[in-house]
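Undergrad: One structure, as structure tokens, below. Some questions next.
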Amino acid sequence: MRHIVQPGPPAPERIQWAEARGRAFSFELEAGLPLLEAARRGFAAGGFAGGVLRWTGGALGPFAYVMPALSKTGENAAFYSETFRPEGITRLKMAAMTLGQRDGAPFFHCHALWTEADGRAGGGHILPEETVVAEPFAVEAFGIDGAVFAAEPDPETNFKLFGPVPSAATATETTSRAFALRLRPNRDFGGALEAFCREQGIISARLHGGVGSTIGARFADGRVVEPFATELAVRSGAISSGADGALEAELDIALVDYQGGIAEGRLSPRDNPVLMTMELVLEVLGESTRA
């Protein structure tokens, strides 16, 4: 399987996780607000400090983003491009977001595909400081209670990255057992989720959110993305038992690579290692009976 050398030593635990309770709900992002504040308000109205989002459609403007890029210094295995600020209204095709905390304040990590005002199709990493909701639009959220995604220095990748940490539970309404996860580099995306579920006695789960990167991509239909640096958003995901009873992860994603290529579809099993990180929440749907 493909492997990229990172600048720092690998952490012993390849999956960072925190158990929580959660609830799926929807809300509308308010026009005229910065995207970060609109997302924060939506979660707060639902009784949560953070969680994950996914949506299709929507309009942003002003809008700022970066794309994956090669590292110019060697201090990271890959890096970000210059900042792009297209004029006019940008129409989103789909997006996934993690809302957490950075330096004690709300912050998000969001990847998306979109069409800019001039008709150019694009994708990448949306910048929270400069992006504003142009028109109200609905999003699907999963709030978590008892854990939070917190941005902390990551020696392995030499980035400051979101990872789940336990937090004080509140009295907010929840419906499901859930796990907030961060997958570390060079482990297969789907295979890591399958192994985690086996270890936790989970026999079926739904994936919420899903923001990160893979080393290129291999799709179930045979398509291949060769450029190694990507920005990826999960369109849908689930873990369930296959015909032989073994757990199988089904992951439908969208990505942009550092050369500007865009790809969408279902990932091939056990052939898509994580590049830098993968953040998501697993909602537990079924558990094994333990003696």
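Undergrad: Kindly provide the set of residues from region 217-247 that are modelled with pLDDT under 95 and among the aliphatic types (A, V, I, L, M), ordered by number.
TA: Ala243, Ala246
Undergrad: Here's a follow-up. Within region 232-280, which residues are aliphatic (A, V, I, L, M), in contact with a Ser or Thr (Cβ under 7 Å, 6 or more places away or on another chain) and over 24 Å from Ala69 (Cα atoms)?
TA: Passing the criteria: Ile239, Leu247.
Undergrad: Additional query: Report every pair of residues separated by at least 6 positions or lying on different chains whose Cβ atoms are under 8 Å apart, first residue within region 246-271 and free of Cβ contacts under 8 Å to residues at least 60 places away in the same chain and open to solvent by less than 40 Å² (accessible area, probe 1.4 Å), second assigned to a loop (DSSP other than H, G, I, E, B) and acidic (Asp, Glu).
TA: Gly265/Asp221
Undergrad: Specify the residue that is most open to solvent (accessible area, probe 1.4 Å); the eligible residues are those in region 272-291 that are of a type in the set (A, V, I, L, M) and over 16 Å from the mean Cα position of the chain (by Cα).
TA: Ala291
Undergrad: Hey, can you tell me all the residues within region 87-115 that are acidic (Asp, Glu) and touching a residue at least 40 places away in the same chain (Cβ under 8 Å)?
TA: Result: Asp103, single match.
Undergrad: Within region 4-36, can you find the residues that are open to solvent by 60 Å² or more (accessible area, probe 1.4 Å) and farther than 23 Å from Gly58 by Cα?
TA: Residues satisfying the conditions are Val5, Pro7, Pro9, Pro10, Pro12, Glu13, Trp17, Glu19, Arg21.
Undergrad: For region 153-166: of the residues being surrounded by fewer than 19 Cβ atoms within 10 Å (Cβ to Cβ) and touching a strand residue (DSSP E or B) at 6+ places or on another chain (Cβ under 6 Å), which is nearest to Ser71 (Cα to Cα)?
TA: Lys160
Undergrad: Step by step: first the residues of region 190-215, then only those that are polar (S, T, N, Q) and out of contact with any Phe, Trp or Tyr (no Cβ under 8 Å at 6 or more places or on another chain), then the one that is surrounded by the fewest Cβ atoms within 10 Å (Cβ to Cβ). Which residue is that?
TA: Checked region 190-215; the qualifying residue surrounded by the fewest Cβ atoms within 10 Å (Cβ to Cβ) is Ser204.
The values are calculated or read from the model by the stated rules, or taken from the named source; none is laboratory data. The shown structure was predicted, so the numbers you read here are calculated from the model rather than taken from an experiment. Virtual Cβ from ideal backbone geometry, glycine too; neighbours counted across all protein chains shown. Heads up: the accessible areas ignore ligands, DNA and RNA and are worked out on the full protein's heavy atoms, side chains in. Shrake-Rupley method; radii C 1.70, N 1.55, O 1.52, S 1.80 Å.
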